[in-house]
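Everything on this sheet refers to the single structure shown next.
Coordinate-derived values only; no laboratory data. Every value quoted in this text rests on a predicted model; they were computed, and no experiment measured them. Quick reminder, even Gly has a Cβ in these numbers, built from the backbone with ideal geometry, and neighbours come from all protein chains shown.
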Amino acid sequence: MPEAHVSDRIEVDAKTQNLAKVREFLHGAIKRSSLPATDVNKVVLAVDEAVANIIQHGYAGRDDGKIEVQIDADHARFTIKVLDSGLSYDTAKGAGANADLDLKAHINAGSKRGLGLFIMRKVMDEVHYSSREGQQNTLTLVKYIKPPA
Amino acid sequence: MREFEINLEPLSPEVTLIHVAGWLDAHTFEYMEQAVNNLFGEGKVRIAIDLSQVEYISSAGAGVFIGSLATAHERGGNIVLMNPTEPVKEVFDMLGLSQVFTFAQTKPAAVAALKAGK
């Protein structure tokens, strides 16, 4: 039986070898939640893309960064917050943020830029970003379990 | 679980098959990129990639295929993908890659597709 409310968090060093650890954490939290099986891979992929972007761009050139992933899910929404203190990068506005990105032209040109952001926006129902100068960046990803009334 | 593994198998003097297993993410994609670039460096531009043991792929992994396909085409070669798993197919469909790549189910079919040119 899924739990009525799932709340959990993990903090990892901003290193790509920790991506597998974050995915494993997510799978564990998702199993306890009401998220349908058809959405499991999508949510794990979106968070993996978010964390990878922070490691590669937010903490580019630094090896002392931390990333926190927080889960908060109920019967209606599966919400993930990804927090970091690296360079801010507005995921909602960056390359690939536009769902109408001309993927075919992009791919034919051999370009890989923005694919992670494209995936995040494609698979999640809500993507929000907030950043305060010199403080924490927060990326919020939401997948609806039941559409909002 | 295997994190990531790559093995090369020559299928003909011109065609090389890369067997990939495990997770192809932002941590492991560089190994994949290196394997393909090594083949390009040897002048081998007709490459089949067996995806039947890839359990997970993110955009970093997919990006390797996108870049490799562009380079192979520039050099008169091609990349043929073999038997992607469901999670891989899902990401390829999402990114429109399923329409861009040639797929083959068997080694002879991959060799035939690669010999036919791009």
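Only DSSP H runs of four or more residues enter the estimate; each adds -39500 (n - 2.57), and after division by the residues of chain A the mean residue ellipticity at 222 nm equals -9500 deg cm²/dmol. Would you mind checking A:Lys81/A:Lys104; A:Lys31/B:Lys107; A:Lys15/A:Lys122; A:Lys15/A:Lys104; A:Lys42/B:Lys107 for any pair whose Cα atoms are more than 29 angstrom apart? Where the Cα-Cα span goes over 29 Å, the pairs concerned are A:Lys81/A:Lys104; A:Lys31/B:Lys107; A:Lys15/A:Lys104; A:Lys42/B:Lys107.
By the beta-carbon count within 10 Å of each Cβ, the least crowded to most crowded order of A:Glu24, B:Glu14, A:Glu49, B:Glu42, fewest first, is B:Glu42, A:Glu24, B:Glu14, A:Glu49.
Under the shape rule built on the C-alpha gyration tensor, where the axes satisfy a ≥ b ≥ c, chain A is oblate, since a/c reaches at least 1.5 while a/b does not exceed b/c.
Residue-normalised convex hull volume from the C-alpha trace of the stretch B:17-118: 82 Å³ per residue. Rg and Dmax over the alpha-carbon atoms of the protein assembly as shown stand at 19.2, 62 Å.
Per residue, the Cα convex hull of the stretch B:1-74 amounts to 75 Å³. As a rough guide to protection, the peptides B:69-78, A:1-10 ranked by mean Cβ packing within 10 Å, highest first, stand as B:69-78, A:1-10. Taking every DSSP bridge with both residues inside the protein assembly as shown, close to 70 percent are antiparallel.
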